1. If you scan region A:16-32, which residues turn out to be modelled with pLDDT of 90 or more and over 29 Å from A:Arg175 (Cα atoms)?
2. Where the second residue is hydrophobic (A, V, I, L, M, F, W, C) and the first is free of Cβ contacts under 8 Å to residues at least 24 places away in the same chain and lies in region B:391-416, which pairs have Cβ atoms under 7 Å and are six or more apart or on separate chains?
3. Can you find a residue that is more than 7 Å from chain A (Cβ to nearest Cβ), more than 21 Å from B:Leu273 (Cβ to Cβ) and within 36 Å of the chain's Cα centre (by Cα) anywhere in region B:316-327?
4. Exactly one of (1) over 30 Å from A:Met335 (Cα atoms); (2) at pLDDT below 95; (3) surrounded by fewer than 16 Cβ atoms within 10 Å (Cβ to Cβ) is unmet by A:Tyr217. Its number?
5. Of all residues in region A:270-293 being within 28 Å of A:Thr390 (Cα to Cα) and surrounded by fewer than 24 Cβ atoms within 10 Å (Cβ to Cβ), which is nearest to the other protein chains (Cβ to nearest Cβ)?
6. Here are some conditions: (1) facing another protein chain (nearest Cβ under 9 Å); (2) surrounded by 23 or more Cβ atoms within 10 Å (Cβ to Cβ). A:Glu54 meets all but one. Which one does it not meet?
7. Identify, please: which residue in region B:330-370 is of a type in the set (D, E, K, R) and over 28 Å from A:Ala309 (Cβ atoms) and is, among those, nearest to the other protein chains (Cβ to nearest Cβ)?
Number of protein chains: 2
Amino acid sequence: MRIELVNTGDELLLGDTINTNAAWLGQQIAALGLMVSRHLVVSDGAVIKEAMAEAASRSDVVLVSGGLGPTSDDLTRESIAELLGLPMELNEGIKSHLEAFFAKRNRSMSASNLKQAMVPRGAIVMDNPFGTAPGLYFPAELSHSRGWDTHFFLLPGPPRELKPMMETLVEPRLRAMLPDGADRRVLYLKITGVGESDIVEKVEKKLEAISGLTLGYCIRNGDVDVRLSGAAEPVDIGAVIVREHLGTCIVSEDRRIIEEVLVQTLLERGETLSTAESCTGGYMASRITDVSGSSRVFGHGFVTYANEAKQKHLGVSAELLAEHGAVSEPVAKAMAEGALATSGADHALALTGVAGPTGGSDEKPVGTVFISLASKNASTIVKRYYYPGTRDRFKLLSSQAALEMLRRRLLGLPLA
Amino acid sequence: MRIELVNTGDELLLGDTINTNAAWLGQQIAALGLMVSRHLVVSDGAVIKEAMAEAASRSDVVLVSGGLGPTSDDLTRESIAELLGLPMELNEGIKSHLEAFFAKRNRSMSASNLKQAMVPRGAIVMDNPFGTAPGLYFPAELSHSRGWDTHFFLLPGPPRELKPMMETLVEPRLRAMLPDGADRRVLYLKITGVGESDIVEKVEKKLEAISGLTLGYCIRNGDVDVRLSGAAEPVDIGAVIVREHLGTCIVSEDRRIIEEVLVQTLLERGETLSTAESCTGGYMASRITDVSGSSRVFGHGFVTYANEAKQKHLGVSAELLAEHGAVSEPVAKAMAEGALATSGADHALALTGVAGPTGGSDEKPVGTVFISLASKNASTIVKRYYYPGTRDRFKLLSSQAALEMLRRRLLGLPLA
């Protein structure tokens, strides 16, 4: 089954918006064991018609996003009606939805919005609970008049409207078109602390030997997602192999990221966490507090960039700082233990390092970081890591290593 | 002048990589007063040939990225040679560059890398200081044999290689093709604290009346970039109008973001900043410490998620918390003043609010935030804001409003 993706929007061509929809849709389609063949972005307006015709002439399915809004630039609806020779009709259901949508928000509906209630005859309306633009599905028979056998799906551009519509209304229809669609599933095993090449070495050959299994890797925020897709049986067999060879490095099998796993694990155990950050500058605390519910497990965070702050708030001694320097194993340990003591938390993570671009030395080059974990009921550990590169990458990988240190302690796993 | 963009890479179609190159290239081209007409992504391999042919048949310039690597999937070089009927030749300059590149890294050069030294006859090599894949420029006359008059630029896919090559080697050539290219410039005025619709209302008509000026808006991380492009004179006239009507809201005219402006301003004044964050959970500190050099102006940050932390580290009284609640004007003020006192900094910013999705009330719904700024030599200010929506957006806009509060104080501007 061949699928093409067509987006419309000047903001994409001008670079004012990064096209995250395309990547997200690509992943959803990959999860069905398929791959987008082409992805085309065209301007707002009438060129969408030509783009849809080109895509349809080559494809079984064309996914279109954008151009369903109320403005004069939004011509996707009209263009497909012209393309397939379908008259436009007022859809009373959409009209009622629009009226309710505006009434609920105490806004009056403009005449231009009524345009969104016009539907090419025969199209199946896909409800949009999150916006005014409904999606439209054109089954393949509507394209037979053009000599094609192509299904069109028209989706709204805003991600919060497009994503639920894709998941609940488009994907079931795509599955139904695949011979083994109902049985087809996807499993993401999120691996941390192991490089892609090591993962490849450990499991790739064994996974590739499984008939009917499609394997993919996705590097994301310092982790590697191993994606297994296919029918239930080969996916299950593949998962067993990944668990056998990478088990302790698997953070989740449901796409949760490490901070989500940690917050939930701490909640379940009724334990709390504090942080003391130098080089990561609050980034780790921010990751933890991105998780809803984190306030029940995270109470105190310190960003002790200055030595004076390490002394005053964490009780790191001036002698220790003078003797070993702020970026050192003893200072990392003292920061973690100081944060644990002052916050009364069950666990405290501390980081001190050289984020760069300046401040490195031969002994401790830019990218060096010491990470320490202190816990009420276990001895403090400290480890040295090295993440050269940009400041962003340094903050990401350092905080990732720190969170992984805690995950391993909570699960009783040895430090990798 | 019509420009199309063609990317190759399965990782883009599978959604494993978000296509940030496309947006960046779109912006660079918009800055020349042009707009990408179409952007097409195709798979690795031979389909790139057909994609380039389609684009060339419609365009004056085709920018291609990806497929210049050493693997068997990297077929962009070979494809364009076939397309334009050019024989492949070994380029001794590239070969030497490759040998030096690997020698410097103590790595041996594989035979497959030598493929990168093969160049279609007549193509102009564009050096790549950051990788092994040189760029290639095919002036329009090389496409005359196909009946086209199209310039091709082939760029490597990795952003750190593509960006400098685009800026230093492609853009000057594009400018030279434009009648007024040498004189063409772009100015970004970064506006904060004002919505796009207000900006439109204040300046759009006046700017649109300037002959030869192209106007664009780009919403980015809570700010709006007003983009003026054209010849020097209309851009200058436009800038005067924006400064006149939005002057105090202009954060920078050189694309610097507010945290960069603040760190530099504090450095110049020899002043320091502390932060006390509840609802933003360290995100504001992380933004500040993303700026290289921030360690000289930022020493102490507190993430006081728990009431106990607000009391212990910032000296907020239990009575105040009990009487007004943690999310309140008096507590925000006490947090800022406490952070100022304990850190000894010249300024302290504090935030307390309801990030959601839970925890809101009728009086203080999700999205409510109180922001306070205390300074050694000025009275403390507190202001209430409301940023409903996702947690990410709440953290972004809240920290943005706080940083803007400090910017206005440092510049002696009234609070907006």
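1. none
2. Close Cβ pairs (under 7 Å, with a partner that is hydrophobic (A, V, I, L, M, F, W, C)) do not exist here.
3. Going residue by residue through region B:316-327, those that are more than 7 Å from chain A (Cβ to nearest Cβ) are B:316-327.
Narrowing the set further to residues that are more than 21 Å from B:Leu273 (Cβ to Cβ) leaves B:317-327.
With within 36 Å of the chain's Cα centre (by Cα) added as a condition, the list becomes B:326-327.
Yes, some residue in region B:316-327 is more than 7 Å from chain A (Cβ to nearest Cβ), more than 21 Å from B:Leu273 (Cβ to Cβ) and within 36 Å of the chain's Cα centre (by Cα).
4. (3)
5. Step one: of region A:270-293, the residues within 28 Å of A:Thr390 (Cα to Cα) are A:273-291.
Of the ones still in play, those that are also surrounded by fewer than 24 Cβ atoms within 10 Å (Cβ to Cβ) are A:290-291.
Numbers: A:Asp290: 6, A:Val291: 9 Å.
It comes out as A:Asp290.
6. Every condition holds for A:Glu54 apart from (2).
7. Step one: filter region B:330-370 for residues of a type in the set (D, E, K, R), giving B:333, B:337, B:346, B:362-364.
Subsequent filtering for residues that are over 28 Å from A:Ala309 (Cβ atoms) retains B:362-364.
Working: B:Asp362: 17, B:Glu363: 19, B:Lys364: 15 Å.
Looking at residues that are of a type in the set (D, E, K, R) and over 28 Å from A:Ala309 (Cβ atoms), I get B:Lys364.
Yes/no per residue for (1) of a type in the set (Lys, Arg); (2) surrounded by fewer than 16 Cβ atoms within 10 Å (Cβ to Cβ); (3) modelled with pLDDT of 90 or more:
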| site | (1), (2), (3) |
| --- | --- |
| A:Gly85 | no, yes, yes |
| A:Gly93 | no, yes, yes |
| A:Lys104 | yes, yes, no |
| A:Lys115 | yes, no, no |
| A:Pro120 | no, no, yes |
| A:Gly157 | no, no, yes |
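The values are calculated or read from the model by the stated rules, or taken from the named source; none is laboratory data. On a predicted model such as this, the values are computed, not experimentally measured, just so you know. Cβ: placed from backbone, ideal geometry, glycine included. Neighbour counts: every protein chain shown.
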